[in-house]
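Take a look at the structure set out below.
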Amino acid sequence: MNPFPYSSDNKRYHTLAYHNRQVFGTKVYKAVIDAGFTCPNKDGSCGREGCIFCGGGSGYFTAPSHVPVLTQLENELERIHQKIPQAKAIAYFQANTNTYAPVSRLREIYSPLIKLPGLAGISIGTRCDCLPNDVLDLLTELSKQTYLTVELGMQSIHDKTIGFIGRGYSHEVFLEGYRALKNRGIRVCVHIINGLPFENEADMTETARELGRLRPDGVKIQLLHIIKGTGLEKMYRRGEFEAMTRESYISTVVKQLEYLPPETVIERITGDGDKRTLIAPLWSTNKIAVLNGIDKLQRDNDSCQGLLFRENIL
């Protein structure tokens with residue numbers, strides 16, 4: 001018998017593949033879109049350099065932003081359907097801050113996608129300090145018309161770390177934005193990063209413990225990638241911190257999962273860096289080895305997602 005209830009393949013955590021099968025009844029892929037947004041941490045509103053790990057707004061796999069959104073989406077759907085004709089797609093606005101514009105522009109971009117054939121939903125990556133009331137109103141409308149997810153970067157709960165990476169807003173601001181979305185019934189996926197400079201395993205586990213208390217709909221667990229041309233690369237070259245080892249990453253993730261509610265979807269448990277610009281850790285390019293290592297350690301420890309969650313909320 002599978003020891004974890006939200007699984008059909010012996011995984012001990014709530015995978016996105018399992019969730020998509022339950023919700024959509026078929027395979028679902030992300031259609032990655034760059035709508036040409038910028039970020040307040042780049043245009044001078046709160047900074048110019050971006051976060052120290054940012055190597056282009058996270059849009060590694062997107063088409064050039066000058067290509068119209070509908071064209072990008074049509075191309076992505078064609079790519080996806082060549083793999084699996086019956087698959088569905090979610091339009092994923094990944095690059096930069098995708099609510100950082102007048103609401104009229106946001107409506108022009110998002111509203112035409114609602115009834116597009118083959119599209120199962122929309123996922124919008126943004127910052128918690130870019131959610132004014134009129135944008136929240138639009139997101140509420142969209143969430144009633146399609147399967148909407150808003151993705152927010154928590155990265156860490158520790159304000160010392162948050163200040164060091166230059167994110168531009170405090171943990172309290174994150175909480176305000178998160179609650180504003182949840183109070184409107186909007187599905188939220190939260191990103192955390194393991195391996196941030198000067199954090200240890202206890203710090204990263206505490207981030208997951210507090211995140212679990214928020215009961216997010218989805219979580220993306222990301223390894224810190226050191227990317228060419230970033231402030232982080234300069235620190236790494238100077239020997240100011242060490243990249244996380246694979247063994248430490250696997251051990252940390254297994255502990256973090258124990259504090260996350262079992263119904264929370266783990267939408268990512270490791271990440272793909274752009275091999276053209278990835279400086280370290282190079283072991284992260286072997287994604288299968290990381291996934292297998294997490295599975296094995298969970299089995300060896302008889303661990304699973306949510307194991308300590310009840311204890312966490314008492």
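Every number here is computed from the coordinates shown, using simple stated rules; none is lab data. Keep in mind that this is a model prediction, so the values were computed, not measured. Here the Cβ is made from the backbone with ideal geometry for all residues, glycine too, and neighbour counts use every protein chain on show.
What the table below lists for this structure:
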quantity: Members of segment 5-55 that are farther than 25 Å from R187 by Cα and of a type in the set (S, T, Y); calculated: S45
quantity: Segment 228-252 - residue that is polar (S, T, N, Q) and in a loop (DSSP other than H, G, I, E, B) and, of those, surrounded by the most Cβ atoms within 10 Å (Cβ to Cβ); calculated: T230
quantity: V32 in a helix (DSSP H, G or I) and more than 12 Å from I266 (Cβ to Cβ); calculated: no
quantity: Only listed residue being touching a Lys or Arg at 6+ places or on another chain (Cβ under 6 Å), in a loop (DSSP other than H, G, I, E, B) and closer than 21 Å to V150 by Cα, chosen from T38, T97; calculated: T97
quantity: Residue count, segment 191-227 (criterion: in a loop (DSSP other than H, G, I, E, B) and among the polar types (S, T, N, Q)); calculated: 1
quantity: Enumeration of residues in segment 168-186 that are closer than 22 Å to R48 by Cα and part of a helix (DSSP H, G or I); calculated: H171, V173, F174
quantity: Condition check for D129: surrounded by fewer than 19 Cβ atoms within 10 Å (Cβ to Cβ) and within 23 Å of L175 (Cβ to Cβ); calculated: no
quantity: Among the candidates V173, V188, V219, residue that is touching a residue at least 12 places away in the same chain (Cβ under 8 Å) and in contact with a Pro (Cβ under 6 Å, 6 or more places away or on another chain); calculated: V188
quantity: Cβ pairs under 6 Å, 6+ apart, first in segment 277-304 and in contact (Cβ under 8 Å) with a residue 24 or more places away in the chain and surrounded by 14 or more Cβ atoms within 10 Å (Cβ to Cβ), second hydrophobic (A, V, I, L, M, F, W, C) and in a helix (DSSP H, G or I); calculated: G293/I250; I294/I250; I294/V253; L297/I250; L297/V254; Q298/V254; S303/V254
quantity: Subset of segment 155-179 [surrounded by fewer than 19 Cβ atoms within 10 Å (Cβ to Cβ) and of a type in the set (A, V, I, L, M, F, W, C)]; calculated: F164, V173, L175
quantity: Boolean, L116 is over 17 Å from L211 (Cβ atoms) and either in contact with a Cys (Cβ under 8 Å, 6 or more places away or on another chain) or not in a helix (DSSP H, G or I) (or both); calculated: yes
quantity: Selected residue (only one of R213, R127, R179 is without any contact (Cβ under 8 Å) to a residue 60 or more places away in the chain and more than 21 Å from A89 (Cα to Cα)); calculated: R179
quantity: Check on I269, within 23 Å of C51 (Cβ to Cβ) and touching a helix residue (DSSP H, G or I) at 6+ places or on another chain (Cβ under 9 Å); calculated: yes
quantity: Residues located in segment 5-51, provided they are surrounded by fewer than 19 Cβ atoms within 10 Å (Cβ to Cβ) and hydrophobic (A, V, I, L, M, F, W, C); calculated: L16, A17, V23, F24, C46
